[in-house]
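Student: Handing you this structure, nothing more for now.
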Amino acid sequence: MKKKRTNKKGNWFVENLGEIVLTAIGIGIGIYFLWAYVLHGAGSSAGNLQQCGSITGNKGACKETCDKSIELELPNVGCSGVANKCCVLKDDNMNDVILPTGYGGNGKYNFEIIGMGIQKGEAGIKAIGCKPTNKALTTIKCKAGQDVTVPIYINIGQKGTEQVTVKADPVIVIDDNGDNIRAGKYTGATAVDLTKDPVQLLTDVRITSTEAKSNDYWKIYPYATCTTQGCKDSDTSQSRGIYKKDATNSNMLTIEFVDPSQI
C-alpha cells in the first residue's frame, strides 16, 4: 500500500505563521529606528525616538489611564513612569475633552451624584494654604510649586432598591486637555454603605510641587464607584460596579495654580 504524501512545506508555513508575522513586525520596527537615526542623526536619544506619539503617527499620548470606550491602551509602548500607557484614539476626530462614561446599574443597584466640595468649606481651603475666588467655593487658587493635598467630599443619594457600597473616585482634567485626564488615582480609601440619603464620601487629591505648575488649572469632577458584588454583577461590560458621573458645572471644582504673591 502506498503512503499518501503530505505537503510538509505548507504545514510548516501555517504552523509558524504567528512567528513569521512577529518577525516581520520586528523587522519593520528596526527599519523605522534606522530611518529615524539617519534622519535625525546620533543626537536624538532613544527615548525621543520611542515616544508614544512618534510610534503611533502622532495619534497616541502617554497617560496614567486610558478611556477604553474611545481609546486603545498600549501599556509601556513609548511611555514610562506613572503615565506608562500609550492611549490611541479609535476615532481621529475625537480630540476634545471626553470624560469617562458611566456604565452599569439597573433598578436594583443605582445611585446619583448630588454634589461635591472641599471638606470644612472656606476654613478647609485656608487650612491647605489656598484661597477661594468665588462665594460658591467652586474655584480656589493655590501656590504654584508647592505640595497641596485637597480633601474632597462627594455627596451621593440612593436611587436603586438594594443597598450599595461605594467609594469616591473623582476624575481630574488638567488645563482642559483631553490628553491629560486622570481617573482611578484618587479613589477613597474607605467604602461607605449607602444606607441613608445622602451619604458623604471622602478622598484626598494629592498634588506634588512638580505637578503644581504656574498657570495650570485642575478641574475635579465627582465620580463614585460601587464596590458591592451585586453592583459588579449588574455590570456585564466592565465587572467593576456602577460608575457614576455628573459633569455639570455646578458639580465641578477648579484649582488654579498661581504665583505665591497672589495668595
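Any read-out appearing in this document is the output of simple, stated calculations on the displayed coordinates, not a laboratory observation. Small disclaimer: the values here were computed from a predicted structure and weren't measured. All Cβ positions, glycine included, derive from the backbone under ideal geometry; neighbour counts span all protein chains shown.
Student: In debye, nearest 20: dipole of the range 128-263 around its Cα centre with unit charges on the Cβ of K, R (+) and D, E (-)? Don't skip to the end; give the middle numbers.
Tutor: Working: 16 positive and 16 negative charges, 42 e Å.
Dipole of the range 128-263, to the nearest 20 debye: 200 debye.
Student: So, one more: Between their Cα atoms, which of Lys108/Lys219; Lys90/Lys244; Lys135/Lys167; Lys63/Lys244 are more than 25 Å away from each other?
Tutor: Details: Lys108/Lys219 32 Å; Lys90/Lys244 23 Å; Lys135/Lys167 28 Å; Lys63/Lys244 22 Å.
Those over the limit are Lys108/Lys219; Lys135/Lys167.
Student: When the Karplus curve 6.51 cos²θ - 1.76 cosθ + 1.60 is applied with θ = phi - 60°, which whole-Hz ³J(HN,Hα) does each residue of the range 111-126 get, with x for Gly and Pro?
Tutor: Taking θ as phi minus 60°, the curve returns 7, 10, 7, 9, x, 8, x, 9, 4, 6, x, 5, 5, x, 5, 5 Hz for the range 111-126.
Student: Run the numbers for Leu99 and Asp204: contour at 0.36 nm per residue of separation, minus the present Cα-Cα distance, in nm.
Tutor: Working: separation 105, 0.36 × 105 = 37.80 nm, distance 2.01 nm.
Full extension of this stretch gives 35.8 nm more.
Student: Describe numerically, in nm with one decimal, the distance between label points set 7 Å from Cα along Cα→Cβ at Asp259 and at Asp233.
Tutor: 6.1 nm
Student: Right, here's the next one. Within the set of other residues whose C-beta is less than 10 Å from the C-beta of Glu64, count the net charge using Lys and Arg as +1 and Asp and Glu as -1.
Tutor: Numbers: positive: Lys63, Lys85, Arg182, Lys185; negative: none.
Around Glu64, the charge tally is +4.
Student: With r defined as the distance between the Cβ atoms of Asp179 and Asp147 and R0 fixed at 30 Å, what FRET efficiency is calculated, to the nearest 0.05?
Tutor: Numbers: r = 24 Å, r/R0 = 0.81.
The computed FRET efficiency comes out at 0.80.
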